[in-house]
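Here's the structure, in structure tokens; my notes come after.
Every number in this text was worked out from the coordinates using simple rules, so none of it is lab data. Here the structure is a predicted model, which is why all the values come from computation and not from measurement. So basically every Cβ, Gly included, is an ideal-geometry build from the backbone, and we count neighbours across all protein chains shown.
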Amino acid sequence: MHNKKNKIDSLDLLRAAAIVYIVGVLHLNDYIGGCLIFPGADVVTEIFLSIFVFISGYLLTINNPAISNKAEVRLFAKKRFLRLYPLYLFALLLFWTCSFMSVKSLIVHALLLNILIGKSIPTLWFISMICFYYLLFPVIMLGYSLKRTFLISGLAISALLALHTTTGFIDLRLIIYLPSFVFGVIAGRHDFMEKFRHFNTLVFSMLSAFILFSSLYLYFPDSQLHNFYQVLFMLAGIPPAIWSADRLARHLHKKTYKNLAYASFCMYLFHRVIYYILTDIYSSPSQTVMFAYLFFMGVPLIYTVSFIFQKNYDRFSNSIFQVTH
């Protein structure tokens, strides 16, 4: 139990760090002229996003360790739908209200078709992608085996690549992040997290691979293998990140990073709307002033609104699930 608690602590810290980076650095750049861009930012961004995807796969697996029949598939789909889709739909409506998207785009995103046709608005592409991974999860877990998981993943990637190559459809990110999700499922099923918590040969090898492939990704951007390097460094970066987070989590204020992790989904969904409102209220030509305004006022506001919203939504969705189950 103690080891499991430590594992979750390290993942909560990674989720908290990822959402602070995405909301407070990466997307904040869009409102301050990109002054927070730094060397290697692409690698940091992809690592944090892949960690989000990995954690999704891992948590799904430890919370749904066995799916063996159609009734369990339906129960899983119902729980995930209540957890994810209404919040996503509400975010879409807010985006439309703020004129971030047209009615046509709203319908396309609501039907999750955007990730298939490769036409997504910023930010919410990630949620559409995760929804498709959730659809794949029961297929992997029914009659689970490691060999079968690799076979299903390989077939899915091959089919998506073929569609992208022949039709121009399919957002490549759906393919690129899929291995990170499957890695999370495998890690949850085979308890790899315990291996990642110690600096052993596996973690050292992964760290070395991360340095190699991230360097190739950065220094050869025009290479035909650019996307392949991206997949490899994202996968290789996850175990060292977990090892580092496991060490840091022991020395940081637990409630802070756990609350951030809890609010992270709503923070991701709603931060652009809150930034839009704040910049409509006040704007300055000074990048420094706008950074201070949005970071020190906007980020705490995004967290507070998201935490309260998530808390109340969880109460509501749990009551609905109990009534209908």
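Before moving on, here are some points about what is shown:
- Among 216-229, 287-300, the order from most to least packed when residues are scored by Cβ within 10 Å on average: 287-300, 216-229
- Using C-alpha pairs below 8 Å separated by at least 6 residues, the relative contact order for region 51-191 is 46 percent.
- Label zone at residue 74, where the point sits 7 Å out along the Cα-to-Cβ direction: region 284-325 residues whose backbone N lies under 13 Å: 325
- By the count of neighbouring beta-carbon atoms within 10 Å, fewest first, 308, 51, 121 end up ordered 308, 121, 51.
- Taking 0.890 mPa s as the viscosity and 25 °C as the temperature, the Stokes-Einstein diffusion coefficient of region 51-191 based on its alpha-carbon Kirkwood radius rounds to 155 µm²/s.
- Site-free segments of the chain were taken between trypsin sites (Lys or Arg not before Pro) in DSSP loops having at most 14 other Cβ atoms within 10 Å, sites themselves excluded; the longest one is 120-249.
- Length added when fully stretched, residue 110-residue 30, from 0.36 nm per residue minus Cα-Cα: 26.3 nm
- From helices alone, the chain scores -25500 deg cm²/dmol at 222 nm; the rule is -39500 (n - 2.57) for each run of n ≥ 4 DSSP H residues, then divide by the residue total.
- Rounded is the label for the chain, because a/c, from the alpha-carbon gyration tensor with a ≥ b ≥ c as root eigenvalues, stays below 1.5.
- Net +/- balance of residues flanking residue 73 in space, Cβ distance below 13 Å, scoring K and R +1, D and E -1: +4
- The simple spin-label model puts a point 7 Å past each Cα toward its Cβ; for residue 314 and residue 200 those points are separated by 3.2 nm.
- Inter-label distance, nm, simple model (7 Å from Cα along the C-beta direction), residue 286/residue 94: 2.9 nm
- Region 271-325 and region 85-140 have Cα centres spaced 19 Å apart.
- Per-residue ³J(HN,Hα) for region 181-191, Karplus 6.51 cos²θ - 1.76 cosθ + 1.60, θ = phi - 60°, Hz, x for Gly and Pro: 5, 5, 4, x, 4, 5, 4, x, 6, 10, 6
- Computed from the C-beta positions of residue 146 and residue 66 and an R0 of 25 Å, the FRET efficiency is 0.95 to the nearest 0.05.
- Taking a ≥ b ≥ c as the square roots of the eigenvalues of the alpha carbon gyration tensor, region 170-219 is oblate, as a/c is not under 1.5 and a/b does not beat b/c.
- Shape analysis of region 26-91 places it in the oblate category; the axes a ≥ b ≥ c from the Cα gyration tensor give an a/c of at least 1.5, with a/b not above b/c.
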